[in-house]
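Q: Sharing a structure here in structure tokens format.
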Amino acid sequence: DEIHYFAIVNSLMIVVFLTGAVATILIRTLKKDIAGYNELQTLEDAREESGWKLVHGDVFRPPQNNSLLLSVLVGTGAQIGSAFFFTLLASMLRMLNPIKKGQALTAVIMLYVLCGGIGGYVSARLYKFCDAKAWKKNTLATAIFFPSIIVGMFMVLNVFLTVVGAATAVSFLTIFLIFFLWACVATPLAFLGSYFGF
């Protein structure tokens, strides 16, 4: 136990020192720019801005094209990230047994389905930020894009496993139940989240 505590304290100290080093570098770099910018405001000098001050106008500018793809990918990423976060939270609270790997996989799938509202909300907010109007198309793409890719790869692999006669092949009933969860739970939750996001 002492070794584990020593390793944890050592890791925390390294994180603190590295954070301090990065903060020091940022403060030294930005101090000159901020002082020059404040001096520019007091003198009302009309010289050209340079450095990071030029970027501030571009950071929150919506993309010119492919705003649908961007919002679908970000919404899907938020859905996957929240599902993994809730799975890790359930593991930390000892609601999942690490010995039973099937239980963790089932939890990830169920939480992915239940986090459909988060994906729809994030996707709709980003799509609205891009001044786009076709929110139904965006929501449908958010609900279909990633699951269709995963199901396509899974079905191809499952066909090969079934032909070989492997024990890991998934039955048709299980595939149908997962499709039912996606169609009747995840997609309506994505539309509900999109309704609140748009």
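The values are calculated or read from the model by the stated rules, or taken from the named source; none is laboratory data. The shown structure was predicted, so the numbers you read here are calculated from the model rather than taken from an experiment. Cβ sites come from the backbone with ideal geometry, for glycine too, and all protein chains shown count toward neighbours.
Q: Tell me, please, whether a residue that is free of Cβ contacts under 8 Å to residues at least 24 places away in the same chain and loosely packed, with under 14 Cβ neighbours inside 10 Å can be found in the range 104-124. Walk me through it before giving the result.
A: Of the range 104-124, the ones free of Cβ contacts under 8 Å to residues at least 24 places away in the same chain are 104-107.
With loosely packed, with under 14 Cβ neighbours inside 10 Å added as a condition, the list becomes 105-106.
Within the range 104-124, one or more residues are free of Cβ contacts under 8 Å to residues at least 24 places away in the same chain and loosely packed, with under 14 Cβ neighbours inside 10 Å.
Q: Among the helices (runs of 4 or more DSSP H) contained in the range 90-198, which hold 2 or more residues that are at pLDDT 90 or above and either closer than 25 Å to Gln64 by Cα or among the aromatic types (Phe, Trp, Tyr) (or both)? Don't jump to the end; show me each part of the working.
A: On the way: elements: 101-114, 116-129, 135-164, 172-181, 187-197.
Per the criteria, 116-129, 135-164, 187-197.
Q: Are any residues in the range 153-198 under 26 Å from Ala141 (Cα atoms) and of a type in the set (Val, Ile, Thr), and if so, which ones?
A: Val156, Thr174, Ile175, Ile178, Val185, Thr187, listed by residue number.
Q: Condition first: in contact with a Ser or Thr (Cβ under 6 Å, 6 or more places away or on another chain) and of a type in the set (Val, Ile, Thr). Can you find one or more residues in the range 105-118 that meet it? Lay out the reasoning, then the answer.
A: Let us first name the residues in the range 105-118 that are in contact with a Ser or Thr (Cβ under 6 Å, 6 or more places away or on another chain), namely 107-108, 111, 115, 118.
Those still in the list that are of a type in the set (Val, Ile, Thr) too: 108, 118.
The answer is yes, given that some residue of the range 105-118 is in contact with a Ser or Thr (Cβ under 6 Å, 6 or more places away or on another chain) and of a type in the set (Val, Ile, Thr).
Q: Another question about this same structure. Within the bounds of the range 159-180, is there any residue that is polar (S, T, N, Q) and buried (at least 19 other Cβ atoms within 10 Å of the Cβ)? Outline the logic, then answer.
A: Quick first cut of the range 159-180, residues polar (S, T, N, Q) only: 162, 168, 171, 174.
Filter again for buried (at least 19 other Cβ atoms within 10 Å of the Cβ), leaving none.
Within the range 159-180, not a single residue is polar (S, T, N, Q) and buried (at least 19 other Cβ atoms within 10 Å of the Cβ).
Q: Would you confirm whether or not the range 30-37 contains a residue that is among the basic types (Lys, Arg), closer than 30 Å to Ser123 by Cα and either assigned to a helix (DSSP H, G or I) or at pLDDT 90 or above (or both)? Show your work before the answer.
A: To start, the set of residues in the range 30-37 that are among the basic types (Lys, Arg) comprises 31-32.
Narrowing further to those that are closer than 30 Å to Ser123 by Cα: none.
No; the residues of the range 30-37 include none that is among the basic types (Lys, Arg), closer than 30 Å to Ser123 by Cα and either assigned to a helix (DSSP H, G or I) or at pLDDT 90 or above (or both).
Q: If I ask for residues that are β-branched (Val, Ile, Thr) and under 29 Å from the mean Cα position of the chain (by Cα), which ones from the range 132-168 would you list? Lay out the reasoning, then the answer.
A: Just the residues of the range 132-168 that are β-branched (Val, Ile, Thr), to begin with: 139, 142, 144, 149-151, 156, 159, 162-164, 168.
Within the range 132-168, Thr139, Thr142, Ile144, Ile149, Ile150, Val151, Val156 meet the criteria.
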